[in-house]
Amino acid sequence: MAIKYGRPIELRDVSRRDSTAVPHALDLTVRPRRNRKAEWARRMVRENVLTTDDLIWPLFLIDGTNKREQVASMPGVDRLSVDQAVREAERAMKLTIPCIALFPYTDPSLRDEEGSEATNPNNLVCQAVRAIKKQFPEIGILCDVALDPFTSHGHDGLIADGKILNDETVAVLVRQALVQAEAGCDIIAPSDMMDGRVAAIREGLDRAGLLDVQIMAYAAKYASAFYGPFRDAIGSAKTLTGDKRTYQMDSANSDEALREVELDIAEGADMVMVKPGLPYLDVVRRVKDTFAMPTFAYQVSGEYAMIAAAANNGWLDGDRAMMESLLAFKRAGADGVLSYFAPKAAEKLRSQA
Ligand SMILES: NCC(=O)CCC(=O)O
Ligand SMILES: [Mg+2]
């Protein structure tokens, strides 16, 4: 008997019984609502779950001590001085969030054309990594590799004659990755979308004996309007000249995402990422089905801001929208999500447990 969606299709149209016991009952063999009749029944057939293990929490850093500065376009998200970041790392640990990600707001006086501060072994990110690892060695730390927080023009790479240079940029990114890894970073996450950077960074790490440092490649990163609030947070919104379409992907493409991911895996990526998140869940699913690699999605600042702003206006239930959006990543096949909702979602998950 041919089976489709769990039922013999030959029986689909067979009239089967008189349901005289219930007046007006439709003659239905299959009633999908039975499995939804109560919370215990829904739990029993639930296909995907979100846990705190699925969350990576991005934190913004700023120079100073005992400082927290609100990011205006990301209600509920602050820039943190290193001591405050250490406290949030402790909070992450208590919430059993496995990993945090660090992004610096670089003082404008330290930004230049080449993004030299990126390779300073004592820059804000490296300071934070050392301080957090000293107190909480068990929490995972991910560091972004790209030049945009450090360049005066806001681009992820070096520029000559208005063009983003690929190979010259890769050489700088390797040095950036090395200072972060030497500081104690566990996962190097290149987000720049230069060609060949994963191979170069892997080689650099291996030569330095940093064999256990993982690479999570922002493999399919799209040129997206949803990064706006992030650029406010790291202070590159005003300085960015032009757009990033010569290196980040065209949002019309998904076959190309598979080619990008395949290259990064071949070059040594331990984990791959799709970014942004919700508008690209189809890409997450294709990547997971094609490569069966640890696959992550970045629910980016604009996605966060949309939900937070609507919730603050009373236009939707913020907590439910947050949990539904995070679960969507699991349903699409993601192994985890970088999300500014991480601490709030973890608190909610733990209060339900
Ligand atoms: N490389 C990290 C990002 O660009 C984050 C973007 C966002 O959250 O909008
Ligand atoms: Mg690539």
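Table for the structure above
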quantity: Qualifying residue in the stretch 275-290 (condition: open to solvent by less than 70 Å² (accessible area, probe 1.4 Å), part of a loop (DSSP other than H, G, I, E, B) and within 14 Å of ligand 1 (Cβ to nearest atom)); calculated: yes
quantity: Count - residues of the stretch 231-259 that are within 16 Å of ligand 2 (Cβ to nearest atom) and either in contact (Cβ under 8 Å) with a residue 60 or more places away in the chain or touching a helix residue (DSSP H, G or I) at 6+ places or on another chain (Cβ under 7 Å) (or both); calculated: 7
quantity: Qualifying residue in the stretch 254-270 (condition: closer than 24 Å to residue 60 by Cβ, at pLDDT 95 or above and assigned to a loop (DSSP other than H, G, I, E, B)); calculated: no
quantity: Options 125, 145; residue that is in contact (Cβ under 8 Å) with a residue 40 or more places away in the chain and farther than 14 Å from residue 158 by Cα; calculated: 125
quantity: Hey, residue 50 within 30 Å of residue 322 (Cα to Cα), among the aliphatic types (A, V, I, L, M), open to solvent by 20 Å² or more (accessible area, probe 1.4 Å) and away from ligand 2 (no atom under 16 Å from the Cβ) or not; calculated: yes
quantity: For residue 78: the one exception among (1) under 22 Å from the mean Cα position of the chain (by Cα); (2) open to solvent by 70 Å² or more (accessible area, probe 1.4 Å); (3) more than 27 Å from residue 269 (Cβ to Cβ); calculated: (2)
quantity: One residue from 270, 212 being open to solvent by 10 Å² or more (accessible area, probe 1.4 Å), more than 16 Å from ligand 2 (Cβ to nearest atom), over 29 Å from residue 78 (Cα atoms) and of a type in the set (Asp, Glu); calculated: 212
quantity: Test result for residue 259, closer than 18 Å to residue 190 by Cβ, surrounded by fewer than 20 Cβ atoms within 10 Å (Cβ to Cβ) and either in contact with a strand residue (DSSP E or B) (Cβ under 7 Å, 6 or more places away or on another chain) or not β-branched (Val, Ile, Thr) (or both); calculated: yes
quantity: Residues of the stretch 172-208 satisfying the condition of being within 11 Å of residue 143 (Cα to Cα), touching a strand residue (DSSP E or B) at 6+ places or on another chain (Cβ under 7 Å) and of a type in the set (A, V, I, L, M, F, W, C); calculated: 177, 181, 185, 187, 188, 189
quantity: Answer residue from the stretch 295-318, given it is away from ligand 1 (no atom under 16 Å from the Cβ) and open to solvent by 50 Å² or more (accessible area, probe 1.4 Å) and is nearest to residue 233 (Cα to Cα) among those; calculated: 312
quantity: Subset of the stretch 329-342 that is part of a helix (DSSP H, G or I) and open to solvent by less than 10 Å² (accessible area, probe 1.4 Å) - its residue that is nearest to ligand 2 (Cβ to nearest atom); calculated: 329
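This table checks each residue for (1) within 28 Å of residue 80 (Cβ to Cβ); (2) in contact (Cβ under 8 Å) with a residue 60 or more places away in the chain; (3) away from ligand 1 (no atom under 11 Å from the Cβ).
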position	(1), (2), (3)
172	yes, no, yes
192	yes, no, no
226	yes, yes, no
229	yes, yes, no
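The values are calculated or read from the model by the stated rules, or taken from the named source; none is laboratory data. Source: prediction; values computed, not measured. Cβ atoms come from the backbone with ideal geometry, glycine included; neighbour counts cover every protein chain shown. The accessibility values were calculated without ligands, DNA or RNA, using every heavy atom of the protein model including side chains. Shrake-Rupley method; radii C 1.70, N 1.55, O 1.52, S 1.80 Å.
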